[in-house]
Every structure is written in structure tokens, then in C-alpha cells.
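The structure appears below as C-alpha cells.
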Amino acid sequence: MVVASKPPVWSDSGDAPFEEVNTTPVYARGKGSRKKSGGGSSSEGFEFIKTIFFALLIAFVLRVVLFQPFTIPSASMEPNLYEGDYIVVSKWSYGYSKHSIPFSPPIFDGRILGQTPKRGDIVVFKLPRDNKTDYIKRLIGLPGDRIQMINNVLNINGQPVRDVVVSGDDVTNMYGMPIVRMRETLPEGKTISIQDFGPGNDLDDTPVFEVPAGHYFMMGDNRDNSIDSRVEQSQGVGLVPAENLIGKADIILFSWTPGASLWNPVSWFKNIRPSRFFTVLH
């Protein structure tokens, strides 16, 4: 049974509080000190507002041009990304589109400074059916490719992708199904880690998907627990237009197991996964 993944969730909300400090010298305070004029108070208020404005502007520019953080809310990218991982996505990797900007304002079409993504990249993109929801998957099919699953084996352009079983231990998922971990070697030579529940599942045999120009074919690394380009756009991901790419996932900054709460500091230490800190993604 295929378990639908949930889209990646924005994780960059919240601002550091600003605190105004009384800068009046100690010796000048007291009964004899004169009251500040109304103009001085107005000037200080203006400077405070200006400081906040420029701080927010810098944060906005950095988020649009350089980096954007996300949290992973599901298991669709295991064994490489786990629920509770906090990742950083580089925005410049593929250039910029309207989806690089919050709320995707229709100010231009296509991509600016566009660069071609590589097969095997872990990509954050806008879900094509609504152009709003953020998804994260691995790029498997490039324009012009033919992608097909045959008896649980990925085929690219008529050739099966070589895989090696890494672990077949008695590990099961929440439904009691065995988990098999493998390494796949993509046509260009990049090796990736994947896992699935073995043959005989819903998306282990598919028709041939022909990837048109300007589109990409995405798959989750947790092959039997991922709604991706193998599922038509009305119910899944479908083929992803180049314009919908947001950026490349580069690194896991830090990680918590499920149950950690931002508002409960005690849970930070109880659920922390330090072994995943600063993990570079491949």
C-alpha cells in the first residue's frame, strides 16, 4: 500500500525579538534631568522602525537569493532524509523563477540565470497541480528520458538501473512490511541509497513515462512510501515543469526525532539526533 507523503513544511517563521535599551547615562538620570523633547522621541522611534525594516529586507533577500530552510515532515525520502530533519536549500543552484519568491507572484515567466539540474539531485519544488505546496523528491528523469518501473526495478531509457542490496535485516515499517535498503547507480555514475518494501507493491510496475522538454521526473527514495511522478498529476506529482523548481537540498543542519516541540525546550534534548547534524546530502 502506498502511503501518501506530506509536502515539505516552511520552517523559517519567527523573528528574533528586538529590545530597546535605555542609553541615558546613569549620572544624567534623576530628578534634575530634563525631559526629552518630543522631537527626540519621534526620531528614536523612526530609527527603530528603520532598523527593523532593513533587518527584514536583508532576511528576505537572503531567503530569495541564497538559502531557504525546510523541515521534513514525512518518511518519503528515507533513508536519506528523516522526519524531523531541518535542511537548507540553495536557491541559486537552478536559477530563479517566480516560485523562488514567497507566494509565487506572477511577475515573470520562466527562469532567470537558469542552470540545468543533474540527475540524482534532491530537489524542492512546487507541486504542479496547485503551484503552492512544497515537495521534496530526487530528480530521476531528465527531458527526453523514458522512465519505467518493471518488477520493482527502475529502468531509464530501456536499461535497468544497477542496484545492490545493502541491508535485508529483520526491520519492518509501521505496517509490519519488511524494509530492504539498496544502492542504485544512475546512468551518469552517481550512486544513491534507496529503500522499499520488496516487489509486488502498487508502483513496482508502471507504464513508460516519456519526459517532455522543460520537465523533470521525480521519485522518493522510499520507493514504496512516496507519491511522486509515477502517480498522475491529479492525484500525485506528475511531471514537474522546470519553472517549479525552488532549489537543491544541500545539507541537514540539525535534526530531532518526532515529538520535539519548539515551545518545549526539554524536548529538544530528549529528541535530538546529533549524528545527523551537518550531514551533506548526496
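The values are calculated or read from the model by the stated rules, or taken from the named source; none is laboratory data. Computed from a predicted structure; not experimentally measured. Please note: Cβ atoms are built from the backbone with ideal geometry, for glycine as well, and neighbour counts cover all protein chains shown.
Between residues in region 260-276 that are in a loop (DSSP other than H, G, I, E, B) and residues that are β-branched (Val, Ile, Thr), which pairs lie under 9 Å by C-beta distance while being six or more apart or on different chains?
Short answer, once both residue conditions are applied: 260/272; 273/257.
Give the residues of region 224-253 that are in a helix (DSSP H, G or I) and at pLDDT below 95, sorted by residue number. It would help to see each step written out before you state the result.
Filtering region 224-253 down to residues in a helix (DSSP H, G or I) leaves 224-225, 242-244.
Once the filter is applied, which keeps residues that are in a helix (DSSP H, G or I) and at pLDDT below 95, region 224-253 yields 224, 225.
Can you name every residue in region 96-110 that is crowded, with 18+ Cβ neighbours inside 10 Å and not polar (S, T, N, Q)? Can you show your working first?
Let us first name the residues in region 96-110 that are crowded, with 18+ Cβ neighbours inside 10 Å, namely 96-100.
The answer is 96, 98, 99.
Is it the case, given these coordinates, that residue 153 is within 19 Å of residue 221 (Cβ to Cβ), of a type in the set (Val, Ile, Thr) and in contact (Cβ under 8 Å) with a residue 12 or more places away in the chain? Walk me through how you get there before you give the answer.
On the way: within 19 Å of residue 221 (Cβ to Cβ): yes; of a type in the set (Val, Ile, Thr): yes; in contact (Cβ under 8 Å) with a residue 12 or more places away in the chain: no.
Judged against the criteria, residue 153 is not a match.
Testing residue 256 on (1) at pLDDT 95 or above; (2) more than 23 Å from residue 117 (Cα to Cα); (3) among the aromatic types (Phe, Trp, Tyr), one condition comes back false. Which one is that?
Residue 256 satisfies every listed condition except (1).
Sort through 52, 58, 107 and tell me the only one that's of a type in the set (A, V, I, L, M, F, W, C) and assigned to a loop (DSSP other than H, G, I, E, B).
Details: 52 fails: assigned to a loop (DSSP other than H, G, I, E, B); 58 fails: assigned to a loop (DSSP other than H, G, I, E, B).
Every option except 107 fails the conditions.
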